[in-house]
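J.: I'd like to ask some things about the structure below.
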Amino acid sequence: MHVAIPLYPDFTALDAVGPYTVLAFAPGVTVTFVAGEAGPVTDDQGTLTLTATAGYADLPRPDVIVVPGGIGTFAALEDRALVDWIRTAHEHARWTTSVCSGALLLGAAGLLGGLKATTHWAILDHLSRYGAEPVGERVVTQGRIVTAAGVSAGIDMALTLLAAASDEETARAVQLAIEYDPRPPFPMDRTLAEKAIGLLG
């Protein structure tokens, strides 16, 4: 199974690296970072750079697409090469997925019409612009489309996807291998929404 993760300027690192770690640990899975052209792409903090080892044209038919989000998503919505690649690659993909605001790119590619979908809580309402029904859940599966909520939810999505692609035992083994057992030190507190949005840029 070949997984393609497209990178674009100002993506959120964990959106890409979380699913990458889950899927790359699984036997029989190859993960490739792609971009408009091969080369370095820097995240939304400006301090971490991942290298795309292939351009979109080099990987036109991946089995799985994982589109990360980040503050660069809104600019990326105007990137026709990226949006067109998502649209055409989806035609042949077994699954097309997103993490966080990456769901907006699926919407821009015309893939969310009439479907339930999720994204980061701060922009959940944006999904309706693309004909999707916003759902406040960690992972939403609609046939071949799988969307995940904000950032860390990408790990949940990748484990869910791995269970569907292989079997639950494999997904559980990977979950154990990466010691994914979330116990946040603080409860979710929506009163901090304004401060949290400020941290998001």
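J.: Among the residues of the stretch 165-179 satisfying the criterion of being in contact (Cβ under 8 Å) with a residue 60 or more places away in the chain and outside any helix (DSSP H, G or I), which is surrounded by the fewest Cβ atoms within 10 Å (Cβ to Cβ)?
T.: 178
J.: Given the options 38, 4, name the one that is touching a residue at least 24 places away in the same chain (Cβ under 8 Å), of a type in the set (A, V, I, L, M) and either open to solvent by 60 Å² or more (accessible area, probe 1.4 Å) or under 16 Å from residue 86 (Cβ atoms) (or both). Let's see the steps before the verdict.
T.: Values: 38 fails: touching a residue at least 24 places away in the same chain (Cβ under 8 Å).
Just a single option satisfies the conditions, and that option is 4.
J.: Restricting to the stretch 122-156, and then to whatever is surrounded by fewer than 17 Cβ atoms within 10 Å (Cβ to Cβ) and under 17 Å from residue 71 (Cα atoms), can you tell me which residue is nearest to the chain's Cα centre (by Cα)?
T.: 122
J.: Using the structure shown, decide if residue 197 is touching a residue at least 24 places away in the same chain (Cβ under 8 Å), over 18 Å from residue 94 (Cα atoms) and either among the β-branched types (Val, Ile, Thr) or in a strand (DSSP E or B) (or both).
T.: It is true that residue 197 is touching a residue at least 24 places away in the same chain (Cβ under 8 Å), over 18 Å from residue 94 (Cα atoms) and either among the β-branched types (Val, Ile, Thr) or in a strand (DSSP E or B) (or both).
J.: Would you check if there is a residue in the stretch 65-83 being closer than 20 Å to residue 166 by Cβ and modelled with pLDDT of 95 or more? Talk me through it step by step, then tell me what you get.
T.: Initially, the stretch 65-83 is screened for residues closer than 20 Å to residue 166 by Cβ, giving 65-66.
Add one more test, that the residue is modelled with pLDDT of 95 or more, and what stays is 65-66.
Yes, the stretch 65-83 contains a residue that is closer than 20 Å to residue 166 by Cβ and modelled with pLDDT of 95 or more.
The values are calculated or read from the model by the stated rules, or taken from the named source; none is laboratory data. Note that the coordinates shown come from a computational prediction; the quantities given were computed from them, not determined experimentally. Cβ atoms come from the backbone with ideal geometry, glycine included; neighbour counts cover every protein chain shown. The area values use the complete protein model at the heavy-atom level, side chains included, leaving out ligands, DNA and RNA. Shrake-Rupley method; radii C 1.70, N 1.55, O 1.52, S 1.80 Å.
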